[in-house]
Amino acid sequence: MQLNLKTQRLARVAPLAVLESEAVRLLAFDGEEVTLEPQAVLFRQGEMADSGYAVLSGSVALEREAELPTPVRLMAAGSLIGVNALIVEGERPSTATAREKSLLIKLPRRLMLRVLDAFPDSAVAFKHYIEGSLAEQASALGRVADAIDAVSRSFAKSR
């Protein structure tokens, strides 16, 4: 894929959209294109995560093996798989399988850290994006906990 087109598409991926245009261009230049055929496995739950993947076209399903069934999370064009893996070491929390022919850009952690080091304003913007995302998740979890508490209190009163 042509560098300008790759850069434009990466710039539309939510966490990367906050980066300076030259930072995104460097990610597009050094990121590795990955083409997946339908049902191809990108990675498996439990594997070490050393990179994130920007979905440029197609879709990838994320599925977790757990005691309780968990819903499939579908990552379409414009999504970033493995945002945490861009910054810190860890294991893949799910298995990623292409649902259709898909084009992704692999963004190794070492590349992302190099780009953030070279573009301090982008590093600050990325940090603020991550903090905002975590705050939204914490707020949503708080609302769920409050709803469960209300149901529990209601159930206890009815006994």
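Throughout, read-outs are computed from the coordinates displayed, never taken from laboratory work. These numbers were taken from a predicted model, which means no experiment stands behind them. All Cβ positions, glycine included, derive from the backbone under ideal geometry; neighbour counts span all protein chains shown.
I need the full set of residues from region 54-89 which are on the phi > 0 side of the Ramachandran plot and over 13 Å from the mean Cα position of the chain (by Cα), in order please.
Residues of region 54-89 on the phi > 0 side of the Ramachandran plot: 58, 78, 82.
Within region 54-89, G58 is the sole residue that qualifies.
Tell me, please, whether a residue that is surrounded by fewer than 14 Cβ atoms within 10 Å (Cβ to Cβ), hydrophobic (A, V, I, L, M, F, W, C), without any contact (Cβ under 8 Å) to a residue 60 or more places away in the chain and touching a Ser or Thr at 6+ places or on another chain (Cβ under 9 Å) can be found in region 120-143.
If we filter region 120-143 for residues that are surrounded by fewer than 14 Cβ atoms within 10 Å (Cβ to Cβ), which is where we start, we get 120-121, 124, 127-128, 131-143.
If we keep only those that are hydrophobic (A, V, I, L, M, F, W, C) as well, we get 124, 134-135, 138, 140-141.
Narrowing further to those that are without any contact (Cβ under 8 Å) to a residue 60 or more places away in the chain: 124, 134-135, 138, 140-141.
Filter once more, keeping what is touching a Ser or Thr at 6+ places or on another chain (Cβ under 9 Å): none.
There is no residue in region 120-143 that is surrounded by fewer than 14 Cβ atoms within 10 Å (Cβ to Cβ), hydrophobic (A, V, I, L, M, F, W, C), without any contact (Cβ under 8 Å) to a residue 60 or more places away in the chain and touching a Ser or Thr at 6+ places or on another chain (Cβ under 9 Å).
Being polar (S, T, N, Q) and either in contact (Cβ under 8 Å) with a residue 40 or more places away in the chain or under 20 Å from A118 (Cα atoms) (or both) narrows it down to one residue among N84, N4; which is it? Reasoning before the result, please.
On the way: N4 fails: either in contact (Cβ under 8 Å) with a residue 40 or more places away in the chain or under 20 Å from A118 (Cα atoms) (or both).
After ruling out the rest, the residue left standing is N84.
Exactly one of (1) touching a helix residue (DSSP H, G or I) at 6+ places or on another chain (Cβ under 7 Å); (2) under 16 Å from A17 (Cβ atoms) is unmet by I130. Its number?
Failed condition: (1).
Take the conditions within 19 Å of the chain's Cα centre (by Cα) and assigned to a loop (DSSP other than H, G, I, E, B) and apply them to G132. Does it pass?
On the way: within 19 Å of the chain's Cα centre (by Cα): yes; assigned to a loop (DSSP other than H, G, I, E, B): no.
No; evaluated as a whole, the condition is false for this residue.
Kindly indicate whether any position in region 91-98 is under 27 Å from T7 (Cβ atoms) and in contact (Cβ under 8 Å) with a residue 60 or more places away in the chain.
Yes, region 91-98 contains a residue that is under 27 Å from T7 (Cβ atoms) and in contact (Cβ under 8 Å) with a residue 60 or more places away in the chain.
I'm trying to understand the selection: among the residues of region 8-38, which are outside any helix (DSSP H, G or I), closer than 15 Å to L107 by Cα and among the hydrophobic types (A, V, I, L, M, F, W, C)?
Selection gives A11, V13, L19, V34.
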